[in-house]
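Read the structure below first, then the notes.
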Amino acid sequence: MILEQNKCHKNFQFNGKSFSSIDEILDFSKNFSDEVYQFLKSWFSADEHITVFTSGSTGKPKSILLKKEFVINSAKATGNYFFLEECTTALLCLPIKYIAGKLMLIRAITLGWKLDFFDSSSNPLENIDKEYDFSAMVPLQLENSLSKIHLIKKLIVGGGVVSKELIGRIQDLPTAIFATYGMTETITHIAVKRLNKVNSKPNFYQTLPDVTIYKDNRNCLVINASKVSDVLVKTNDVVQLISDTQFEWLGRYDNVINSGGIKLQPEKIEEKLSKVISHRFFVIGVSDDKLGQKLVLIIEGKLERVNYEKANLSRFEIPKEIYFVTKFIETDTKKIQRKKTLDLLKL
């Protein structure tokens with residue numbers, strides 16, 4: 001009996017090459033990327049699980065065992081949701097080290113895509129002139145690719161919040177661009193929302209089929225996705241439920257700042273500030289003798305002045321201090337590591 005993970009779609013192509021056997025795929029990958037080879041060797045083995053690592057943006061990276069059956073289910077769900085059939089042309093420009101990069105490869109193998117692989121960079125389309133049906137990027141890659149993003153018909157963006165300023169810049173682009181919500185434990189996204197060419201109505205995350213959601217007593221999202229996880233996934237993401245299948249993401253529970261008894265959600269403040277700050281930035285709480293925690297603004301680079309009035313902040317949401325750092329500390333997937341960046345300031 002051939003295991004599901006030991007099968008490869010007949011139409012699968014990798015960097016323009018077709019294959020007649022698993023051994024051919026392994027030999028081909030071994031010649032240009034040991035990291036890809038090691039992953040595929042593990043994927044095509046008889047083991048029922050693969051080991052993947054979290055990005056480490058909210059803590060230390062940790063290893064997680066995922067059922068290969070669930071990984072295949074996730075790949076099929078993405079294909080069905082976005083109508084990506086066999087012979088879809090796709091670009092892999094995310095690190096293969098993490099789940100998002102691995103899933104692009106498994107989708108291609110499972111669904112029979114024609115996948116091109118390029119080493120991860122912050123400007124993945126810089127040297128590309130070919131058109132693709134589908135790709136996945138982090139927000140920084142999207143921002144750096146705006147002049148050529150029309151080469152991709154459908155794009156999913158994950159690994160961080162897409163700023164209001166960037167959302168404004170993509171509205172008239174022909175590419176269908178979607179934000180994704182998910183994590184390593186859910187084998188990438190379990191919900192998506194359209195970012196451009198939407199009507200004036202509020203736009204929320206929509207769950208994929210076979211996913212149910214609710215909130216716990218902290219107002220954090222709990223995910224029941226039996227096709228990709230054996231257990232309920234309890235998150236630290238504060239949400240507002242719109243319906244049984246829709247939600248608005250408000251921010252991280254562990255980022256909440258208690259300043260003088262007022263609870264502040266950094267992500268909502270950042271959404272307002274993105275209207276008046278063009279540089280990368282974030283807000284965070286630091287210890288304060290009087291308030292317990294005080295709200296501070298950290299900006300990458302240098303700005304002369306921030307006009308808080310145009311951001312429509314409440315008096316509690318106005319940062320007490322502004323600090324500048326030359327370069328934010330990031331994970332391999334370009335997520336900002338807030339606490340490590342704050343440590344640079346030695347406050």
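Of all the numbered requirements in (1) at pLDDT below 95; (2) out of contact with any Pro (no Cβ under 6 Å at 6 or more places or on another chain), Ala108 misses one, and that requirement is (1).
Within segment 133-165, the set of residues being crowded, with 20+ Cβ neighbours inside 10 Å, in contact (Cβ under 8 Å) with a residue 40 or more places away in the chain and either small (Gly, Ala, Ser) or not assigned by TED's automatic domain parsing to the domain that holds Thr188 (or both) comprises Ser135, Ala136, Gly158, Gly159, Ser163. Identify, from the list Leu221, Leu241, Leu208, the residue that is touching a residue at least 40 places away in the same chain (Cβ under 8 Å) and surrounded by 15 or more Cβ atoms within 10 Å (Cβ to Cβ). Criteria check complete, one pass: Leu208.
The single condition among (1) under 18 Å from Thr184 (Cα atoms); (2) surrounded by fewer than 19 Cβ atoms within 10 Å (Cβ to Cβ); (3) hydroxyl-bearing (Ser, Thr, Tyr) that Tyr98 does not satisfy is (2). Of the residues Ile223, Ile213, the single one that is assigned to a strand (DSSP E or B), modelled with pLDDT of 95 or more and in contact with a helix residue (DSSP H, G or I) (Cβ under 9 Å, 6 or more places away or on another chain) is Ile223.
Among the conditions (1) more than 26 Å from Gly168 (Cβ to Cβ); (2) outside any helix (DSSP H, G or I); (3) not assigned by TED's automatic domain parsing to the domain that holds Gly168, the only one that Leu297 does not satisfy is (1). Looking across Ala176, Ala136, one residue alone is touching a helix residue (DSSP H, G or I) at 6+ places or on another chain (Cβ under 7 Å) and among the small types (Gly, Ala, Ser). It is Ala136. Selection within segment 88-113: residues that are free of Cβ contacts under 8 Å to residues at least 40 places away in the same chain and out of contact with any helix residue (DSSP H, G or I) (no Cβ under 8 Å at 6 or more places or on another chain). The member of this set that is nearest to Lys62 (Cα to Cα) is Gly101. Scanning segment 26-46 for residues that are of a type in the set (A, V, I, L, M) and either touching a residue at least 40 places away in the same chain (Cβ under 8 Å) or more than 13 Å from Ile109 (Cα to Cα) (or both) turns up Val36, Leu40, Ala46. Residues in segment 244-254 that are in contact with a Phe, Trp or Tyr (Cβ under 9 Å, 6 or more places away or on another chain) and buried (at least 17 other Cβ atoms within 10 Å of the Cβ): Gln246, Phe247, Trp249. Would you pick out the residues in segment 307-344 that are in a strand (DSSP E or B), modelled with pLDDT of 90 or more and in contact with a helix residue (DSSP H, G or I) (Cβ under 9 Å, 6 or more places away or on another chain)? Result: Tyr323, Val325.
The values are calculated or read from the model by the stated rules, or taken from the named source; none is laboratory data. All of these numbers come straight from a predicted model, not from anything done at the bench. Counting neighbours? That spans all protein chains shown, and the Cβs are built from the backbone with ideal geometry, glycine included.
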